[in-house]
1. So, in the range 381-407, exactly how many residues are surrounded by fewer than 19 Cβ atoms within 10 Å (Cβ to Cβ), of a type in the set (G, A, S) and modelled with pLDDT under 95?
2. What is the residue count in the range 225-242 for residues that are under 16 Å from the mean Cα position of the chain (by Cα) and not in a strand (DSSP E or B)?
3. Tell me whether the range 420-432 contains one or more residues that are assigned to a loop (DSSP other than H, G, I, E, B), under 18 Å from I380 (Cα atoms), touching a residue at least 24 places away in the same chain (Cβ under 8 Å) and more than 15 Å from the chain's Cα centre (by Cα).
4. Wholly within the range 269-344, which strands (runs of 3 or more DSSP E) include no fewer than the required count, namely at least 2 residues that are under 27 Å from the mean Cα position of the chain (by Cα), at pLDDT 95 or above and farther than 23 Å from I246 by Cα?
5. Taking the range 455-479 only, how many residues are buried (at least 18 other Cβ atoms within 10 Å of the Cβ), touching a Ser or Thr at 6+ places or on another chain (Cβ under 6 Å) and more than 17 Å from L238 (Cα to Cα)?
6. Filter the range 433-449 down to the residues that are assigned to a loop (DSSP other than H, G, I, E, B) and among the charged types (D, E, K, R), then identify the one that is farthest from T377 (Cα to Cα).
7. Restricting attention to the range 480-505, which residues are more than 19 Å from D583 (Cβ to Cβ) and in a helix (DSSP H, G or I)?
Amino acid sequence: MNTIAKTHPFVLVLLVGAPLAAGCGGSGTATTKNDASIEGGGAGSSASTAGGTTSAGGQTSTGGSGSPVGGASGGTPSAGGAATGGANVSGGSGGRGAAPAGGNTQPGGATQAGGATSTGGTTRAGGTTATGGTIIDGGITATGGTTRTGGTTVSGGTTRTGGTTVSGGTTASGGTAPDGGVATTGWVTIHNDFFWYDTDGNLINVRSGALRKFGDLYYWYGGAPDDHNQTCYSSPDLVHWTYKGIVLKTTGDANRMDILYNATTQTYVIFLKYIGNGAYFGIATGSTPDGQFTFKSQTLVDGAVIGDMSMYQDDDGTAYLAYVWWGTGTNKAHGIYRMSADYLTLDKQMYLWNEGSREAPHIFKRNGTYYYGVSETNMIDPSPTRYYTATNLAGPWTAATMLNTPGSNVSWQTQCDFVFPFTGTQGTVYMYDGDRWEPTAGFQGDYLWLPFEFGTGLIPEMDYYQDWDLNAAAGTWRAFDRSTRDVALGKTATASSTNGANAAAAVTTATTYQNYTATRWESQASDPQWIMVDLGSAMEIDRAILKWYSNYGKAFKIQVSTDSTTWTDVYSTTVGASYSVTDVTFAKTTARYVRMNGTQRGNANGYSLFAFMVLDDP
């Protein structure tokens, strides 16, 4: 998700523009959705990341996790000591994809309860008992556990008076202009098909990593392109991401990073796929979520190397490893292992599927049912996602059932990284995160965030939304209805110049995720340039959303006017980026005309926009 947003001293902005209340702007009403089955405790999920080049303006994302094929042979030395054991492993496809959707333990807190029954989704049958997987002695049913908070509502900043120029501006994650923060209503907008940038305007690198919430902040971790540095970003609202630096350096290559907080030892523990495609299970520890971690150990799992892996933390605080096992051959099995109480060693194998060609394993829990998901072994190509379900991590598990994604047979051009549950006062939203290793013209962006919809069955459905709204504090979500909220839709747009057939009218024309790249406005290749939307009459507005092509504005302003002669600046930035979304919320003002006034292009071409939206959000 990408957006560039800037933080003005007002309400909110960024990926989430202003407070998007149900039915705000226009005459239509927005349907709020939630999942009524809230788990006691609260499981977090981990995101994945690895790759992607950092650049303030390009969307280029390089490579995958870069793990050398062949794996660890004979115990390769690692940061933290010489490896022991280690069978020679050769071949195998590059492990890519999902990180766990595990339980995100947070110190203290009370269990969120309640939630309205979710709508949408198709009924799914439970499936037949899985064959091939043998139950490994015992296993415990995770019950009880310490209560955890679902997260506190982030309030919006101080109201700023209209008409003042907001200077500077940092590129925000998810593609909204850094103005504001989270709306007072708690709604944020997720923009898919665009790239994510941090508040310094740099591309976020979090491949094959983890998303967690510790205290009042979300943390997004993952590997840098060199596979030796694990990065960390933090955000109060899932929109504005601040780069916290490299939290772990390793001498050997590492990816598939995950992290959990151990409340008993008060330690943050990082877990890694360490050295090779067939790799050791690596562990590092730290005292803070964004400080320096110390590498502690590397080990084989039941005497063999592993492929992809992720972590899950149950309601009682017990941690589990979901992993692909190479003990009987390359990617020939996958399973679940319970960790010791301090999370530093393996304790007991819970279940093993004797089934090959799977990767990106991850776990989440809903309404007392565990979901164990896997992707196909497909290198960096997208693949379908399958789920097994059980009421005990030791099984029995159902047969795998394909995630229903109407319109796509490869998880919307991604490989699942994790499923993160946002538990709030009204329900729980289960959000899918997929790594998009190979962006295409219609599906840009390194990461895809989409809400799951559950019907009366177990297996969710995942429809596609280029834009959708999330209220993490409430645990609800809704589709972003441009037809009722965008007051610029279908209105007249004019520009200082155009290039070829890329006319100004394209930015106010209705499009979908299937065809949004087919039309755009582009200016001549000179500075300055502008594009203006005439709303037809003066009206109250407080938000603008710009969706940029690879020809973007590096420095530009958003301005409003009642007469198209005298202009007031409501937003200004110098960190625009390629294939980003500028989503800006500003103080309510009355205007008829809204324009983007560009003063510095991001490359040698002209300015170019797919869409220019204007809203009046409560």
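The values are calculated or read from the model by the stated rules, or taken from the named source; none is laboratory data. It should be emphasised that the depicted structure is a prediction, and the values quoted were computed from it without experimental measurement. FYI the Cβ positions are ideal-geometry reconstructions off the backbone, even for glycines, and counts take in every protein chain you see.
1. So the count comes out to 1.
2. Taking the range 225-242 first, the residues under 16 Å from the mean Cα position of the chain (by Cα) are 231-242.
Narrowing further to those that are not in a strand (DSSP E or B): 236-241.
Selection size over the range 225-242: 6.
3. Pass one, the range 420-432, residues assigned to a loop (DSSP other than H, G, I, E, B): 424-427.
From what is left, the residues that are under 18 Å from I380 (Cα atoms) are none.
So far as the range 420-432 goes, no, none of its residues is assigned to a loop (DSSP other than H, G, I, E, B), under 18 Å from I380 (Cα atoms), touching a residue at least 24 places away in the same chain (Cβ under 8 Å) and more than 15 Å from the chain's Cα centre (by Cα).
4. Numbers: elements: 280-286, 294-299, 306-313, 319-325, 333-339.
Answer list for the range 269-344: 306-313, 319-325, 333-339.
5. 4
6. From the range 433-449, those assigned to a loop (DSSP other than H, G, I, E, B) are 436-446; that's our starting set.
Still in the running and among the charged types (D, E, K, R): 436, 438, 446.
Details: R436: 15, E438: 15, D446: 19 Å.
The residue in question is D446.
7. Within the range 480-505, A504, A505 qualify.
One line per residue, one yes/no per condition, for (1) under 27 Å from the mean Cα position of the chain (by Cα); (2) in the same structural domain as W468 (by TED's automatic domain parsing); (3) of a type in the set (V, I, T):
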site: T494; (1), (2), (3): no, no, yes
site: A503; (1), (2), (3): no, no, no
site: V507; (1), (2), (3): yes, no, yes
site: R543; (1), (2), (3): yes, no, no
site: S561; (1), (2), (3): no, no, no
site: W567; (1), (2), (3): no, no, no
